[in-house]
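To start, the structure under review is shown below, and the notes come after it.
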């Protein structure tokens with residue numbers, strides 16, 4: 001019995017000691033909360049539409065051969081930047097040059113035949129004026145001249161056609177851009193009007209981004225563009241960490257896609273640094289409007305209790321709950337109503353704050369709590 005009584009006394013004393021040790025921590029929990037501050041500012045904030053887009057060249061040229069022949073030279077290097085008119089591929093021109101020479105010979109012969117017929121016509125006119133020949137002979141000669149003129153025009157057309165065929169043997173770049181991988185080698189025989197591309201060139205500067213927005217947003221865009229305003233579009237990488245370029249909204253499609261309820265839009269970028277690459281997926285941000293003179297606070301200062309948004313306004317070293325109505329969010333800031341510019345807000349330690357909690361301002365930035373506090 002004595003042993004049992006001793007054990008009970010020991011347990012009682014330990015329980016009293018633990019209560020005394022816990023008492024200071026409970027008292028500390030009701031003391032001031034250390035927080036960092038943020039101040040509501042008056043400023044401007046952009047209203048953006050965000051969408052996934054695809055980089056699309058203004059021009060993409062798949063070059064095919066207009067004549068059948070043997071490839072003799074390939075001038076371009078894979079991935080090379082080429083200028084408009086720069087030589088790309090040579091096709092053996094000798095068969096076409098021979099046809100051109102033959103056509104030029106026919107033209108020269110028929111031109112002289114026409115000249116002789118015109119000389120005879122003038123002689124017949126002089127003879128008919130002196131009643132030296134019948135009128136029928138003069139009329140026949142006039143028609144012969146017209147026939148010869150037609151023959152000469154036909155020869156001229158043949159010469160021009162053959163000149164074009166010779167020109168087709170010297171393939172040049174139709175645009176400024178970058179050449180893709182080599183698709184043909186010297187010694188290959190190409191076909192006239194074939195479907196196989198000899199080279200593919202894409203224009204890189206300028207370049208466009210095509211993206212889709214919800215049809216409900218079309219009215220806001222139209223309201224701006226009707227007055228000739230060029231809306232700004234920013235393009236970010238897939239992770240939305242790096243801005244790849246800033247451009248202008250060029251146009252939008254003439255109909256809404258009924259299957260998705262969206263409309264396609266095209267923005268133009270100068271792409272001077274080649275950050276945008278054809279067929280690249282990007283995140284597009286279309287600046288539709290800019291709100292002027294609104295109250296801005298850090299988004300991290302806003303807390304939620306169900307559907308109600310609130311902030312802790314610091315008044316006389318006390319955190320007081322104020323309900324607010326959040327609006328546009330951009331760049332870590334949110335436009336709100338319900339507080340005034342200049343109000344000082346709590347921006348950390350939300351897991352410890354309650355309405356009318358006493359606060360102490362931290363001299364070192366504290367990380368905000370991951371969980372949102374609830375209104376008491």
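Results for (1) surrounded by 15 or more Cβ atoms within 10 Å (Cβ to Cβ); (2) touching a helix residue (DSSP H, G or I) at 6+ places or on another chain (Cβ under 7 Å); (3) in a strand (DSSP E or B); (4) modelled with pLDDT of 90 or more, shown as yes or no for each residue.
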{"residue": "28", "(1), (2), (3), (4)": "no, no, no, no"}
{"residue": "51", "(1), (2), (3), (4)": "yes, no, yes, yes"}
{"residue": "54", "(1), (2), (3), (4)": "yes, no, yes, yes"}
{"residue": "79", "(1), (2), (3), (4)": "no, no, no, yes"}
{"residue": "85", "(1), (2), (3), (4)": "no, no, no, yes"}
{"residue": "108", "(1), (2), (3), (4)": "no, no, no, yes"}
{"residue": "122", "(1), (2), (3), (4)": "no, no, no, yes"}
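Take the residues in segment 336-350 that are within 25 Å of residue 48 (Cα to Cα) and part of a strand (DSSP E or B), then tell me which one is nearest to the chain's Cα centre (by Cα). Taking the candidates together, the pick is 336.
Of all the residues in segment 296-330, those that are under 27 Å from residue 218 (Cα atoms) and touching a residue at least 24 places away in the same chain (Cβ under 8 Å) number 6. Across segment 287-335, the qualifying residues are those that are closer than 27 Å to residue 236 by Cα and in a loop (DSSP other than H, G, I, E, B), and the one among them that is nearest to the chain's Cα centre (by Cα) is 331.
How many residues does segment 227-238 hold that are within 17 Å of residue 331 (Cβ to Cβ) and at pLDDT below 90? Residues meeting the conditions: 0.
Within segment 65-101, how many residues turn out to be more than 20 Å from residue 158 (Cβ to Cβ) and touching a residue at least 40 places away in the same chain (Cβ under 8 Å)?
Residues in segment 65-101 being more than 20 Å from residue 158 (Cβ to Cβ) and touching a residue at least 40 places away in the same chain (Cβ under 8 Å): 23 in total.
Which residues, counting only those in segment 225-235, are outside any loop (DSSP other than H, G, I, E, B) and buried (at least 17 other Cβ atoms within 10 Å of the Cβ)? Residues satisfying the conditions are 232, 233, 234, 235.
For (1) assigned to a helix (DSSP H, G or I); (2) closer than 23 Å to residue 47 by Cβ; (3) touching a residue at least 40 places away in the same chain (Cβ under 8 Å); (4) in contact with a strand residue (DSSP E or B) (Cβ under 6 Å, 6 or more places away or on another chain), each residue gets a yes or a no:
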{"residue": "193", "(1), (2), (3), (4)": "no, no, yes, no"}
{"residue": "197", "(1), (2), (3), (4)": "no, no, yes, yes"}
{"residue": "200", "(1), (2), (3), (4)": "no, no, yes, yes"}
{"residue": "212", "(1), (2), (3), (4)": "no, yes, yes, yes"}
{"residue": "245", "(1), (2), (3), (4)": "no, yes, no, yes"}
{"residue": "249", "(1), (2), (3), (4)": "no, yes, no, yes"}
{"residue": "254", "(1), (2), (3), (4)": "no, no, no, no"}
{"residue": "267", "(1), (2), (3), (4)": "no, yes, yes, yes"}
{"residue": "271", "(1), (2), (3), (4)": "no, no, yes, yes"}
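Does residue 66 qualify as being in contact with a helix residue (DSSP H, G or I) (Cβ under 8 Å, 6 or more places away or on another chain), more than 30 Å from residue 215 (Cβ to Cβ) and assigned to a loop (DSSP other than H, G, I, E, B)?
Working: in contact with a helix residue (DSSP H, G or I) (Cβ under 8 Å, 6 or more places away or on another chain): yes; more than 30 Å from residue 215 (Cβ to Cβ): yes; assigned to a loop (DSSP other than H, G, I, E, B): yes.
Yes; evaluated as a whole, the condition is true for this residue.
Looking across segment 256-265, the residues that are more than 12 Å from the chain's Cα centre (by Cα) and touching a residue at least 24 places away in the same chain (Cβ under 8 Å) come down to 256, 257, 260, 261, 262, 263. In summary, residue 86 fulfils each of the numbered conditions (1) more than 28 Å from the chain's Cα centre (by Cα); (2) over 30 Å from residue 348 (Cβ atoms) with the single exception of condition (1).
Looking at segment 234-242, is at least one residue touching a residue at least 12 places away in the same chain (Cβ under 8 Å) and more than 23 Å from the chain's Cα centre (by Cα)? Steps first, answer last, please.
Looking only at segment 234-242, we keep the residues that are touching a residue at least 12 places away in the same chain (Cβ under 8 Å), and these are 234-238, 240.
Checking which are more than 23 Å from the chain's Cα centre (by Cα) leaves us with none.
Checked segment 234-242: no residue is touching a residue at least 12 places away in the same chain (Cβ under 8 Å) and more than 23 Å from the chain's Cα centre (by Cα).
The values are calculated or read from the model by the stated rules, or taken from the named source; none is laboratory data. No experiment lies behind these values; they were computed from the predicted model shown. With ideal geometry, Cβ positions are generated from the backbone for all residues, glycine too; neighbour counts draw on all protein chains shown.
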